[in-house]
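Coordinate-derived values only; no laboratory data. Please read these numbers as outputs of a predicted model, since none were measured by experiment. Every residue, glycine among them, receives a Cβ derived from its backbone with ideal geometry; neighbour counts consider all protein chains shown.
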Amino acid sequence: MTREQEAAAELPIEAVRPVRPGRWLGAAAALLFLVWLAYTVIVNENLHWDVIVAYLADGRILGGLWVTIQLTVLSMAIGLVLGVLAAVMQLSDNPALRGTSALYTWFFRGTPLLVQLIFWFNIGLVFPAFAIGVPFGGPKLIEWQANEVITPFTAALLGLAINEGAYMAEIVRAGIRSVDPGQREAAESLGMSHRQVLRRVVLPQAMRVIIPPTGNQFISMLKTTSMVSVIAGAELLTVAQRIYLGNFEVIAMLVVASIWYVVLTTIASVGQHFVEKRFERGHVRLSSRVRRNLRPLQKEPS
Amino acid sequence: MSGPDQPMVRIRAVRKRFGALEVLKGIDLDVPAGEVVCIVGPSGSGKSTLLRCVNRLETIDSGRIWVNGELMGYAERGGRLHALRPAELSRQRRGIGMVFQRFHLFPHRTAIENVMEGPVTVLGTRAAQARRQAEELLERVGLADRAHHYPAQLSGGQQQRVAIARSLAMRPSLMLFDEPTSALDPELVQEVLAVMRDLAATGMTMMVVTHEMNFAREVGDQLVFMDDGVIVERGDPREVLSAPRHERLRTFLGQVR
């Protein structure tokens, strides 16, 4: 050891922290406010806590919960596929594909979801039947009646998924554009086809940018499904409304629904955290980069 | 295929413009098989663009480029040129390795996965075999102990050596180096040049855009000096560098040294 290193080793830092009364005052005020808020809610007799507890695990509520989960997962999955498709179309050099994709996002982001949901539910008024066959008035192979196919559930799924796809398209597009063009060039130099470049190189890296806003969309979708109550979608809010129309416990039923929404979004947030970590692969934080740069110094003979 | 008198790369009257700016103003160049051609010149002289035209990362506006006797990017049928389909172009690119100034390793894959990517995805090599081959290549560039590191965990010099191994995994007949040491800290340059020296010694045909005059002098079979979109001077590197005929090259060498 050199003299400087010895001297440094004998100078530990045991400094006294400065007193900061403002921090303690702020903490005390915030705590006091929370205690007061909890007190007013808990002792409030108009909230009917006994009713809330009784209905929390009610069969109808749990059924609505299950429909909410199904609607969220299915419409996010379909929306993601539509979004990737629309984003890839938007980035293609074929003007017809670009235009089609632009039209899709423009229309579905430009109209309210509530209007879209009511529209899908009433689509039978415009198209009484759907058929597979030769278009523009040719022969038909199979035909369905709109009234049979369009249930509140399918109408909700159509509305939520197609609307979601328009938003996901923008997220996916931003993700794809965030990938360094050099990555594409390196992959093309290896002789990869366009599809291989997209699937093996561009999309996996775009995921890192796509995942966080997609997690937000998922959490948002959990709550957006409540809009389906306008077409009686049988999800959580619809069920809660049906119950309070019978027993007049409006607030209690809304609290029950809210508790379940908070539970779902909390679980989704935790899941989001782990998925994000998974796609951070290969991205080293600054602290470990600094450590790597320090490594040769540690190897020097002392 | 390339015979004894047919060069690996034949470039004839190549012109390329970006908008109003003409960056290549009629380039003719032959690279015989097994030779190392070093291309030097001031920035903006068109040397990187020329390299990128060879594996068709850039399209050319006129002229012809043949690699291994095959016309790049087009097929000549009935006296007319037909642009190749993307699949055909990919097949042509397989035989040409490219090393970039900024490495462009795939950041989501480890060093060995980067080297395996080409053979597995493009050639359909079985993973086990590709892994063995990748281990050998990493050994060859001196990075066997870094196989499972991600690019972000490697130094610039190590990343560039992985990038060279990744290109070699496709068993190319031609290697293009686009300023392979320009993005590196000075103390990391030599480890990359050493790998390139070894590669040249195996008889690989190489086109190297570089500012490393010592490398050009020691390893190059041919030196090409480009300025303002044309080849100003060319010849044996030792002769050209010790007795430059053109004022522009003398000025450039004065600035580089």
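Residue farthest toward the positive end of the dipole of chain B, with Cβ of Lys/Arg at +1 and Asp/Glu at -1: which of B:I60, B:L176, B:F103? Selected residue: B:I60. Of all DSSP bridge pairs formed entirely within chain B, close to 60 percent run antiparallel. Kirkwood hydrodynamic radius computed over chain A comes to 24.7 Å, based on all pairs of distinct alpha carbons. When you filter the chymotrypsin sites (Phe, Trp or Tyr not before Pro) in the stretch A:74-141 for DSSP loop state and at most 13 other Cβ atoms inside 10 Å of their Cβ, you are left with A:F136. Rounded to the nearest 20, the Cβ-based charge dipole of the protein assembly as shown about its Cα centre (Lys and Arg +1, Asp and Glu -1) stands at 580 debye.
If contacts are Cα pairs under 8 angstrom and at least 6 residues apart, what is the relative contact order of the stretch B:178-233 in percent?
Answer for the stretch B:178-233 is 33 percent.
Once you mark the GluC sites (Glu not before Pro) that are in a DSSP loop and have at most 14 other Cβ atoms within 10 Å, what is the longest gap between them in chain A?
On the way: sites that count: A:E10, A:E14, A:E280.
The segment A:15-279 is the longest one with no such site.
Positive-end ranking of A:V201, A:G246, A:L236 along the dipole of the stretch A:175-282, with charges on Cβ about the Cα centre, is headed by A:V201.
May I ask you to list, by number, the DSSP H helices of chain B whose Cα span along the axis is at least 15 Å and whose average Kyte-Doolittle hydropathy reaches 0.5 or more? Result, helices passing both filters: B:189-201. For peptide B:99-109, the mean count of partner chain Cβ atoms within 10 Å of a residue's Cβ comes to 6. Each of B:I96, A:I132, A:I162 was scored by other Cβ atoms within 10 Å of its Cβ. Arranged with the fewest first, they read A:I132, A:I162, B:I96.
Near A:P128, within a Cβ-to-Cβ distance under 14 Å, what is the net charge of the other residues, with Lys and Arg +1 and Asp and Glu -1? Local charge sum for A:P128: -1. Span-like helix criteria (full DSSP H runs; alpha carbon extent of at least 30 Å along the helix axis; mean Kyte-Doolittle hydropathy of at least -1.0) are satisfied in chain A by A:21-42, A:59-90, A:152-177, A:250-278. The count of lysine pairs in the protein assembly as shown with alpha-carbon distances below 29 Å, taking only pairs 8 or more places apart or on different chains, stands at 4. Residue farthest toward the positive end of the dipole of chain B, with Cβ of Lys/Arg at +1 and Asp/Glu at -1: which of B:L199, B:V120, B:L81? So the residue we want is B:L81.
Look at where the Cα atoms of the stretch A:181-259 and of the stretch B:1-63 average out, and the two centres are 50 Å apart. Charged side chains reduced to their Cβ positions (Lys and Arg at +1, Asp and Glu at -1) give chain B a dipole of some 820 debye around its Cα centre.
Projected onto its three principal axes, the C-alpha set of the stretch A:86-158 covers 39, 34, 17 Å, listed from the longest axis down.
A convex hull fitted to the Cα coordinates of the protein assembly as shown yields 283 cubic angstrom per residue.
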